[in-house]
Amino acid sequence: MDYIIDVKDLRKEFTSHSSRSGLKGAFRDLFTRNYTIKTAVDDISLQIRKGEMVGYIGENGAGKSTTIKMLTGILTPTSGEVRVNGMNPHKDREKFVRSIGVVFGQRSQLWWDIAVQESFRLLKKVYNVPDEFYNTHMADVIKTLAIEPLLDKPVRKLSLGQRMRCELAAALIHNPPLLFLDEPTIGLDVLVKLKIREFLKEINAKYGTTILLTTHDLSDIEALCERVIMLDEGKIIYDGALQQLRENWGEGKQIQFLFTEDVFMNELQELTKEHLVVWEQGTNASTWTASVENDEEIISAVIGKVVAAKRIADLKIVEITTEEIIRNIYEEGAVRNG
Amino acid sequence: MSYFSIFFQYAGQYLKTRLTYRADMAVEIFSDLLFQAVNLIFILVVFGHTSLLKGWSKDEMVFIYGFFLVPFAIFGAFFNIWDFTDRYIVKGEMDRILTRPIHSLFQIILERMELESLFGVVTGLAIMFYAGNNLGLSLHWYDPFIFLILVAGGALVYAGIFVTLASIGFWSDSRTDIMPMMYNIGNYGRYPVDIYNRIIRYVLTWILPFAFVGVYPAAYFLGREEWYIYAFITPLIGVIFFAISVFLWNIGVTKYRGAGN
């Protein structure tokens, strides 16, 4: 089996009790409770090969974090099979976690009060990394992440960007073949983001590290991942190449018009009735967006007709962004094929 | 073996940080001492009115209190888990613990240790020597070893009870006042159990065996032969209760739900 992550029909349910209203309800809650079962992850299956960089995306509450927590052995699945690095994450937890690195953007792996390098040293001991390996490997990581000047500072004095780079280094102390990143760039500025992306590409190329990344920032995914897995309400709704997603969904272009006066939908539709154009009003009655097929002739014809009939102040042609594609997919609730 | 070296690494780091906040440490040791003094004064005040309590003399009571301080100090230094539910379950810190290759309970012990509590060992020994001297107790060559074993047993009893309570947090993360209540009940173990009613005595021996932290093991050194059998099963009770608590903890970890983010 050459899959590094192999998941079949993975499911996680949470039971919670809903409290009744009022004093009487509170009394009844004491004796009988209403339990509701919420399915956070609903029978998903996925396989990831060694060396892949996969983006795991979905809205808040779609089940991303829950999946990651099951893959890292933090949570026990309700049902289904999980093999990660050839092990069952929850059963062989202590042995298993030696083979993975984890960065949770909102949670620190480092000790708040002590210097970064002391944190590294404790982790080195925890993972039982031999001195020799640590010295050469960490020197390399520290250099690439440019955190040398931060090593003797306590973590609480670091900025978010500095801390995040140290977190990454900490997750790599034992050079794991598989790295889980949960929102690693949340709240970071563009320069730090770029640096982190560069670094991830580098370790992926150098050590063949497999990376599973969840993020809200689609530019991370665009920069790093060839494959995306989309999750909605606990189910996988798309698993495939990012490129494919763009080709299937992002085939059109948008033309944004800013007119000097208010115009009406029926006027515009009348003007462009020979072509397939979807008009959408912008912030007010003088701004309109036309979504058209990505065909030079059509684009030229639509612009020509509109400009001939109405005076315009501004005009812009834009490609549909990945973000809009994803939004469209979520609005429709499923991925259409072909 | 590696758990030992990890322990010393953490302890070293702990001391390093603590020494940079020397004032804090002094205050903590001072407040511990004050707390112990208040308890001792309580015993002395009680004996201001009577010379014997159910056949126990003042010096014997003081000796038991001194003994109790030693396992209690060890427990306090390593099992600071009274706020486990809040800190690790509600805030989700358990996530981080579970991504590291060491047993989760051991990691929490490492993270939460408060070595300055060990100062209580010194106070306890001093009180025992003072009271023992008054009583004219003599030491055999093997007594120090028995002392170590009984102290370990007592500390394990404490640890077992509190780890069990902390494990409840895996099932229910609602706030309870069980922890502070249990600290109070724990204090009963430092007085001779035969001054209590039979039910309380039974509870303190077999259900919440705090008597094995103070009076039972101390009875051995006081030469109270009627309690010897209890004194000698102290390590056994400690191991059993601690093993049960670790077992419950391990089940609890599989029930961990994580904090929603």
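Structural remarks
- Being more than 14 Å from chain A (Cβ to nearest Cβ), aromatic (Phe, Trp, Tyr) and open to solvent by less than 10 Å² (accessible area, probe 1.4 Å) holds for only one residue in B:210, B:221, and it is B:210.
- Pairs with Cβ under 7 Å, 6+ apart, first in the stretch B:153-174 and surrounded by 21 or more Cβ atoms within 10 Å (Cβ to Cβ), second of a type in the set (Lys, Arg) and not in a loop (DSSP other than H, G, I, E, B): B:170/B:255
- Residue satisfying all of: in the stretch B:91-104; open to solvent by 20 Å² or more (accessible area, probe 1.4 Å) and more than 17 Å from residue A:100 (Cβ to Cβ); farthest from the other protein chains (Cβ to nearest Cβ) among these: B:91
- Check on residue A:10, open to solvent by 80 Å² or more (accessible area, probe 1.4 Å), more than 10 Å from chain B (Cβ to nearest Cβ) and not charged (D, E, K, R): no
- Inter-residue pairs, beta-carbon under 8 Å, first closer than 13 Å to residue B:62 by Cα and in the stretch B:182-194, second in a helix (DSSP H, G or I) and among the hydroxyl-bearing types (Ser, Thr, Tyr), 6+ apart: B:190/B:65
- Residues in the stretch A:266-277 that are open to solvent by 20 Å² or more (accessible area, probe 1.4 Å) and within 24 Å of residue A:297 (Cβ to Cβ): A:267, A:269, A:270, A:271, A:273, A:274, A:275, A:276, A:277.
- Of all residues making up the stretch A:71-88, the number that are open to solvent by less than 20 Å² (accessible area, probe 1.4 Å) and more than 10 Å from chain B (Cβ to nearest Cβ): 3
- Any hit, the stretch B:105-124, residues being under 30 Å from residue A:90 (Cβ atoms), away from chain A (no Cβ under 14 Å) and crowded, with 19+ Cβ neighbours inside 10 Å: no
- Matching residues, the stretch A:91-124, being open to solvent by 30 Å² or more (accessible area, probe 1.4 Å), facing chain B (nearest Cβ under 7 Å) and in a loop (DSSP other than H, G, I, E, B): A:106, A:107, A:113
- Out of A:280, A:261, sole residue that is at pLDDT below 85 and open to solvent by 30 Å² or more (accessible area, probe 1.4 Å): A:280
- Hey, residue A:129 without any contact (Cβ under 8 Å) to a residue 60 or more places away in the chain and crowded, with 19+ Cβ neighbours inside 10 Å or not: yes
- Filtered residues of the stretch B:246-260 (kept if within 9 Å of chain A (Cβ to nearest Cβ) and assigned to a helix (DSSP H, G or I)): B:253, B:254, B:255
- Any chance residue B:69 is in a helix (DSSP H, G or I), of a type in the set (A, V, I, L, M, F, W, C) and either open to solvent by 50 Å² or more (accessible area, probe 1.4 Å) or within 14 Å of chain A (Cβ to nearest Cβ) (or both): no
- Any hit, the stretch A:131-150, residues being assigned to a loop (DSSP other than H, G, I, E, B), away from chain B (no Cβ under 14 Å) and either on the phi > 0 side of the Ramachandran plot or in contact with a strand residue (DSSP E or B) (Cβ under 6 Å, 6 or more places away or on another chain) (or both): yes
The values are calculated or read from the model by the stated rules, or taken from the named source; none is laboratory data. Keep in mind it's a predicted model, so treat the numbers as computed, not measured. Cβ: placed from backbone, ideal geometry, glycine included. Neighbour counts: every protein chain shown. The accessibility values were calculated without ligands, DNA or RNA, using every heavy atom of the protein model including side chains. Shrake-Rupley method; radii C 1.70, N 1.55, O 1.52, S 1.80 Å.
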